[in-house]
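What follows draws every value from the coordinates through simple rules; no lab data is involved. Quantities reported herein were computed from a predicted structural model and do not represent experimental measurements. Here the Cβ positions follow ideal geometry from the backbone for every residue, glycine too, while neighbour counts run over all protein chains shown.
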Amino acid sequence: MAQLLLVVAHLTLPMTSYGQKKSFDSLEVVNIMQKTADWQLKHEREHPKTDWHYGAFYTGIWALYETTGQEKYLQHLLGLGEEHRWRLLDDIFHADRLTIAQVFLDLSIEQKEERIRVPTLWVLDAHVGRKTSPDVTFKDNPYRFEWWTWCDALYMAPPAFARAYAATGDVKYLDYMNTYWWVVSAHMYDATESLYYRDDRFFDRKTKNGKKVFWSRGNGWVMGGLVRVLQHLPANYPHRDKFLQQYREMAEKIVSIQGKDGLWRSSLLDAEEFPIGESSGSAFFCYALAWGMNQGILTGNKYQKAVRKAWQALVKNVNDEGRLGYVQQVGDSPKAISEDDWQVYGTGAFLLAGSEIIKLKK
């Protein structure tokens with residue numbers, strides 16, 4: 001439920017310069033979260049409202065509601081669910097379709113309404129009940145969208161299974177998620193670099209400067225997914241330490257390649273290829289790192305500096321109307337960006353980051 005109901009009365013506080021220390025003031029963080037959310041709700045994209053694009057946005061809206069307790073955000077999510085009868089899109093084995101399931105499950109827990117979760121649990125039970133061995137190769141695989149064959153999928157699907165466990169107490173959802181996370185990791189995680197390839201098409205690909213290709217938002221999806229799984233993994237779950245280890249490895253790497261301006265480049269190991277800082281990957285990294293600090297998992301001044309630099313840089317990418325710019329468009333590899341590029345999932349990541357920034361020790 002809401003952690004900062006007390007701030008609601010102050011939400012009309014004038015905006016200030018977010019490049020200064022006030023960018024970490026609780027009221028200022030809530031102000032800019034609300035401003036970006038409200039702008040985004042008024043400026044829609046032609047994506048299905050229950051697919052991954054909006055699903056990622058709504059994970060951010062849920063975080064905003066939890067942060068502020070503002071009823072209008074809760075009602076928007078409840079209205080979305082009722083409009084779609086709490087059903088997911090039809091191709092139920094596609095990981096992207098499970099992104100919105102995370103929000104539906106969070107709502108079912110908060111509202112204490114089992115009917116909200118029934119359609120989602122039916123889908124997840126279909127996943128758990130499969131007996132076919134997974135094929136997580138992407139290239140030349142006609143069934144690649146029935147398994148988690150691209151790293152983005154680790155944000156879309158595994159947190160839904162973790163929330164199904166939280167809603168039901170049935171460990172089968174955690175066990176399924178755990179099994180397939182590590183199947184994917186064995187295939188796509190480069191332990192030398194502590195980063196994920198987007199999929200196996202990139203194993204031998206190089207940038208124009210001869211560097212390995214690791215996509216910023218793709219790895220942001222993974223780190224966000226790790227956080228959203230760990231949130232619901234019990235302390236005594238047998239494989240929790242394995243998730244923590246990968247999370248720490250990635251956090252260490254991500255901090256080491258952060259740009260001087262606080263943002264990450266769309267091609268993580270080749271800042272020269274696309275030299276402008278990119279908002280969506282950076283927002284997911286900011287979210288994941290701040291969460292680790294708030295949980296006492298990441299300690300030390302380097303993480304404190306990295307998170308604060310990232311948040312200050314991100315808020316500078318929000319214009320006067322509330323639009324978050326410099327967001328790479330829909331894709332599967334590093335690309336160029338501009339100030340006018342925005343997307344719903346970028347705003348969702350920004351809201352998630354803000355929800356953790358507000359908890360940082362001052």
One finds the C-alpha centres of region 70-92 and region 282-298 to be spaced, in Å, by 28
Taking springs between alpha-carbon atoms closer than 10 angstrom, which of Thr36, Thr168, Thr120 fluctuates most in the Gaussian network model of the chain? Thr168
What is the calculated FRET efficiency for Gln75 to Gln231, with r their C-beta to C-beta distance and R₀ = 25 Å, to the nearest 0.05? 0.55
Work out from phi, with θ = phi - 60° and the Karplus expression 6.51 cos²θ - 1.76 cosθ + 1.60, the ³J(HN,Hα) of each residue of region 224-234, listed in order in whole Hz, and give x for Gly and Pro. x, x, 4, 4, 6, 7, 4, 4, 10, 8, x
Put +1 on the Cβ of every Lys and Arg and -1 on every Asp and Glu Cβ in the chain; which of Gly69, Tyr180, Tyr247 then has its Cα farthest towards the positive end of the dipole? Tyr247
Out of Ala271, Pro48, Leu27 - ranked by how far each Cα lies towards the positive end of the dipole of region 5-357, with unit charges on the beta-carbon of charged residues - the top one is Ala271
To the nearest 20 debye, what charge dipole does the chain have about its Cα centre, counting +1 at the Cβ of each Lys and Arg and -1 at the Cβ of each Asp and Glu? 940
Of the listed links Lys211/Lys316; Lys112/Lys316; Lys212/Lys260; Lys208/Lys309; Lys49/Lys361, those spanning more than 31 angstrom between alpha carbons are Lys112/Lys316; Lys49/Lys361
For the chain, set up a Gaussian network in which alpha carbons nearer than 10 Å are linked by springs, and say which option among Lys309, Lys49, Lys22 fluctuates the most. Lys22
In nm, to one decimal, how far is the Glu46 label point from the Lys172 one, both placed 7 Å along Cα→Cβ? 4.2
Contour minus Cα-Cα distance for Asp241 and Glu339 (0.36 nm per residue): 31.3 nm
Below 8 Å, C-alpha to C-alpha, sequence gap of six or more: please give me the relative contact order for region 233-287 in percent. 22
Could you tell me which trypsin sites (Lys or Arg not before Pro) in region 108-154 are loop residues by DSSP with no more than 16 other beta carbons within 10 angstrom of their beta carbon? Lys112, Arg130, Lys131, Lys139
Pairs of Cα atoms under 8 Å, at least six residues apart: use those to get the relative contact order of the chain, whole percent. 20
Pairwise FRET efficiency - Thr207 versus Lys112, Cβ, R0 = 35 Å, nearest 0.05: 0.10
Asserting the computed 222 nm helical MRE of the chain (DSSP H runs at least 4 long, -39500 (n - 2.57) per run, divided by residue count, to nearest 500) equals -16500 deg cm²/dmol
Testing the spin-label approximation: label points 7 Å from Cα along Cα→Cβ at Val183 and Asp140. State their distance in nm. 2.1
Using a simple charge model, +1 on the beta-carbon of Lys and Arg, -1 on the beta-carbon of Asp and Glu, nothing else, what dipole does region 88-174 show about its Cα centre, in debye to the nearest 20? 180
Could you give me the ³J(HN,Hα) list for region 58-73, computed from phi with Karplus coefficients 6.51, -1.76, 1.60 and θ = phi - 60°, whole Hz, x at Gly and Pro? 6, 4, x, 4, 4, 4, 5, 4, 4, 6, 10, x, 6, 4, 4, 6
